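Okay, so here's the structure we're looking at.
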Amino acid sequence: MLALERLIGRRHHPEQLIEAGLTALVLDVETESLPLLAGLSRSEHERADALFDQVLDELSLLQDLPADTTGLPWEAARWELVRWWLRLIVNGSLDPGAGGDLITYEGWGALARPQTLRALVDKTDAYNDLAAVRRGDREPLAEAIAEEAGRLLAGPWPPLG
């Protein structure tokens, strides 16, 4: 997912790239550059971006991305990120409010505001509403975001409409 995020212009801290390298090593992924990435010291952090790109190239990960068939730059990659974030919301790894914000700004907005994501965006807006924050009743709103995420994942992908 870091590769997809980088593809659409999101940048990561060197620590995130190094951690991804360590995780890949633990999972027995093998490339020539992976141990170099995973073993970077704090003083070598400036090398993380280049080594991460080398690892992606060695694994041919960017070649396996779904092809874009529309005029929007990296649309297929954004839809894959939206699906990833929805899964993280549903399994509890990503706070529904934070995940809804990611999908709103990095997915819905960048994908020309597809109607199929409108309900999730509206639920996220309600969650972020200042009145809801003041009342302290955001838990049901977070649950509504998670439910909508599950509904989207249960349908066709990318969502039609």
Probe radius 1.4 Å, ligands and nucleic acids ignored: give me the carbon and sulfur share of the accessible area of the chain as a rounded percent. 52 percent
Distance in nm between pseudo-label sites at residue 28 and residue 139 (7 Å out along the Cβ direction from Cα): 4.3 nm
Can you list residues whose amide H is under 5 Å from residue 94's amide H, if they're 5+ apart or on another chain and H is modeled 1.01 Å from N? 89
Over the range 101-148, what is the mean sequence separation of C-alpha contacts under 8 Å (at least six apart), divided by residue count, expressed as relative contact order in percent? 34 percent
Order the peptides 96-106, 145-155 from the highest to the lowest mean number of other Cβ atoms within 10 Å of their residues. 96-106, 145-155
If Lys and Arg each add +1 and Asp and Glu each add -1, what is the summed charge of the other residues whose beta carbon sits under 10 Å from the beta carbon of residue 108? +2
If I model a spin label as a point 7 Å beyond the Cα along the Cα-Cβ vector, how far apart are those points for residue 61 and residue 15 in nm? 2.0 nm
[x] -0.37, -0.63, -0.81; [y] -0.32, -0.54, -0.71; [z] -0.25, -0.46, -0.65: which one is log10 I(q)/I(0) by the Debye sum over Cα atoms at q = 0.09, 0.12, 0.14 Å⁻¹ as calculated from this entry? [x]
Rounded, prolate or oblate for the range 1-48? Axes are the square roots of the Cα gyration tensor eigenvalues, ordered a ≥ b ≥ c, and the cut-off for rounded is a/c under 1.5. oblate
With the 8 Å Cα cutoff and a minimum separation of six or more residues, the chain has a relative contact order in percent of 19 percent
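The values are calculated or read from the model by the stated rules, or taken from the named source; none is laboratory data. Predicted, not measured: the structure shown is a model, and the values here were computed from it. When we count neighbours, we look across all protein chains shown, and the Cβ atoms used for this are built from the backbone with ideal geometry, even at glycine. Surface areas here come from the heavy atoms of the whole protein model, side chains and all, with no ligands, DNA or RNA. Shrake-Rupley method; radii C 1.70, N 1.55, O 1.52, S 1.80 Å.
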